[in-house]
Structure formats: C-alpha cells, structure tokens
1. Going residue by residue through region 85-93, is there one that turns out to be touching a Lys or Arg at 6+ places or on another chain (Cβ under 7 Å) and either closer than 19 Å to Ala317 by Cα or buried (at least 23 other Cβ atoms within 10 Å of the Cβ) (or both)?
2. Among the residues in region 302-309, are any aliphatic (A, V, I, L, M), surrounded by 20 or more Cβ atoms within 10 Å (Cβ to Cβ) and either under 17 Å from the mean Cα position of the chain (by Cα) or at pLDDT 95 or above (or both)?
3. Considering only residues that are farther than 22 Å from Pro187 by Cβ and not hydroxyl-bearing (Ser, Thr, Tyr), which ones fall in region 12-49?
4. The conditions are (1) surrounded by 21 or more Cβ atoms within 10 Å (Cβ to Cβ); (2) in a helix (DSSP H, G or I), and Gly257 fails exactly one of them. Which is it?
5. Given the residues Gly161, Gly196, Gly182, Gly143, which is the only one that is over 28 Å from Arg31 (Cα atoms) and modelled with pLDDT under 90?
6. Just one of (1) surrounded by fewer than 24 Cβ atoms within 10 Å (Cβ to Cβ); (2) farther than 17 Å from Glu18 by Cβ; (3) within 17 Å of the chain's Cα centre (by Cα) trips up His145, so point out which.
7. Out of everything in region 46-58 that is more than 12 Å from Ala20 (Cβ to Cβ) and either in contact with a strand residue (DSSP E or B) (Cβ under 8 Å, 6 or more places away or on another chain) or in contact (Cβ under 8 Å) with a residue 40 or more places away in the chain (or both), what residue ends up being surrounded by the fewest Cβ atoms within 10 Å (Cβ to Cβ)?
8. So Ala250 clears everything in (1) at pLDDT below 95; (2) assigned to a helix (DSSP H, G or I) except one condition, right? Which one?
Amino acid sequence: MNKHTDIRILAIESSCDETAAAVVVDGRDVRSNIISSQISLHTIYGGVVPEIASRKHIEKINQVIKEALKEAQMALDDIDAIAVTYGPGLVGALLVGVAEAKAISYAKKLPLIGVHHIEGHICANYIENPDLEPPFLCLVVSGGHTHLVNVLGYNSYEILGRTLDDAAGEAFDKVARAIGLGYPGGPKIEKEAHKGDQKAIPFPRAHVAGDAYNFSFSGMKSAVLNYLNNCRMKGIEVVQADVAASFQQAVIDVLTGNVERALKETGAKKFAIAGGVASNATLRKAMEQLCMGRGAAFYHPSPVFCTDNAAMIGVAAYYDYLEGKFSGLDLNAVPNLKLGER
C-alpha cells in the first residue's frame, strides 16, 4: 500500500456491453465513474453480439481508465489496488478487463482483486446509503440474473432463490422484441407500459412448486408470444401498450410475491434492490410500498448504479481488500461464476 491512509481502488467492469472504470475511496466515496455504452452498436442486432462487445472493449478500455483517473484527480501511483469483474458474463468481454487489470497490477506492483459481478450489484447500494450495513435482503434483477439474496455480511451471501430459466431482464428484452419495441427491452417496455392498462391481459404469474423463493419467467414470456400469435391468427388488433403494461405487472407481481414471503419468513427489516431492472420506477414503487407495509427499510441505487458500472466493483473490492482477499496473476475469466464461489 502506498503512503495514503485512504484505500483508493481503481475498478474495471467489462462483463457485457459497457466498458467502465471508476476510482472508489474507502468503499463508499466514488471519485469517478466512467461508462462507455455500446447500446447503439447492438441495437441493430436486437441484442448484445459477444464478438462486437469484446472488440469495442479493447478499443475503449484504456480511454475509460484514463478518464476515470483524470476525473478523480489521481494517477496510477496514487492507487492502492486494482479491482476487476472476472465473472459471470461474456467470456471475451470479461477477458479484456481481466487482462488489463492484471497488466496494471504487474506493472505497478499493486494488489489485484477479482470481483463477482452480482456482488458488485449488491454493493452498489452502499454508495448512496451510508447507513446501510448487513444483514439485509437483496433482490438482484438484471438482463442475466435474478437472485434473491440474504446478505449476511460484506463478504457473506446466502442465495434464497434464483431464476430457473430466463432472468427478468432477459424476458423484458424478448417480449420487447416480440411486440416491436426493439432493444434494449427494459426501458422501452417501461415507457410503453405507462400508456397501457396493466389489467388488460391476464398473463400468468409463475410460481415454482415446492420452492417459495425461486423464479421462472420463461412461461410468462411464452404466454405473451402465444397471445400475440393468437391475435394475429384471429385478426385481433394488438395494443402494444396494453401488452407491455400487463407483462410488466406480471413480472412485478412475481418479484414482489417472493420478496414478501422472504421478508415475512426471515423477519428482515432491511431490503435492497439491485441490477439493471432495479432502475424500473414501477418496480421500485411496488417494492417501496411492500416494505412500508411490512415495516422494513427500502434501499435502491440511482439508475446509473443499477446498470453495469465500475463504481460498484470498486465498492465490493474494498471489503475484500480489508479482509486480504487478493487474486493472483493467474486470475482468469469465469463466465458462469456462481455467487459465493472464488
């Protein structure tokens, strides 16, 4: 560690289609958070193309790191550790970030900290909520993940439930594409849903038999596709806004239902939400009302910290740093890394 008493971490995130770098001091003080999005590149294909994502990460990663250091008014010599997402995610995209972090670690003789992407999303809640400390329940909802997690400590997690098929965000993307809204699906469905009737179409609410906390969204997605096909075959007009609103409400009902059971059965008094879908205002409002009804405090990150970003990786890395959990230069990308694995 260098002469500074504050722990200054340079963090890198490249798990999907955002190239990001941030400088985080002492786990909660974000000095910079630079994000280079690739949405416009992938929109034409209706989703993320892994090869294109990897190439763009290579083009952008040095640039975002330089911008992050500049905004934080620091140089690499001021940094105490390098953090990077090493899984889960797209293997090619992850490798770009991991290789960059290892190179900096080796060149500057700095500790290297490999961070789990989902842990990062959970830790995003610490940035703007100085009073939030474990234990608490957290729902992680994104394009690739839907997890209900009991956060026992800063480095200790118990998975209560997870999706058995599609993640919530993935279902949003597929339904958005099916009704002609395009990519990215989450924000577009949310916007369209404001114009529609959430009770117009009775889409099913899937519950996993014998497990109160697991999720399943594949059947809900199929129900939307079947409804659309049925309308086309019978010449019935499809009201895009009603489909969006009804589908969104069905997803929210399933998410809130599982969370309500978890709050009741665990007795938790703090609940947080994280991940890209957590930026959905309708979902946040539903969760806030649920927590109020159960006397639990509700936390959520600002939208910029819900989607993929490096600040959340820097926060998670700080708590690993305090416990001396460092990675070697043999750190590799692990695309299917499970929460709690190292």
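1. Let us first name the residues in region 85-93 that are touching a Lys or Arg at 6+ places or on another chain (Cβ under 7 Å), namely none.
Checked region 85-93: no residue is touching a Lys or Arg at 6+ places or on another chain (Cβ under 7 Å) and either closer than 19 Å to Ala317 by Cα or buried (at least 23 other Cβ atoms within 10 Å of the Cβ) (or both).
2. Scanning region 302-309 turns up no residue that is aliphatic (A, V, I, L, M), surrounded by 20 or more Cβ atoms within 10 Å (Cβ to Cβ) and either under 17 Å from the mean Cα position of the chain (by Cα) or at pLDDT 95 or above (or both).
3. Taking region 12-49 as the starting set, the residues that turn out to be farther than 22 Å from Pro187 by Cβ are 12, 21-32.
Correct list: Ile12, Ala21, Ala22, Val23, Val24, Val25, Asp26, Gly27, Arg28, Asp29, Val30, Arg31.
4. (1)
5. Details: Gly161 fails: modelled with pLDDT under 90; Gly196 fails: modelled with pLDDT under 90; Gly143 fails: over 28 Å from Arg31 (Cα atoms).
That would be Gly182, the only listed residue that is over 28 Å from Arg31 (Cα atoms) and modelled with pLDDT under 90.
6. (2)
7. Applying the first criterion (more than 12 Å from Ala20 (Cβ to Cβ)) to region 46-58 yields 46-56, 58.
Next cut, either in contact with a strand residue (DSSP E or B) (Cβ under 8 Å, 6 or more places away or on another chain) or in contact (Cβ under 8 Å) with a residue 40 or more places away in the chain (or both) only: 46-48, 50-51, 53-54, 56.
Working: Gly46: 15, Gly47: 15, Val48: 20, Pro50: 15, Glu51: 10, Ala53: 23, Ser54: 18, Lys56: 22.
Here the answer is Glu51.
8. The failed condition is (1).
The values are calculated or read from the model by the stated rules, or taken from the named source; none is laboratory data. Here the structure is a predicted model, which is why all the values come from computation and not from measurement. Note that we place each Cβ from the backbone using ideal geometry, even for glycine, and neighbour counts take in every protein chain shown.
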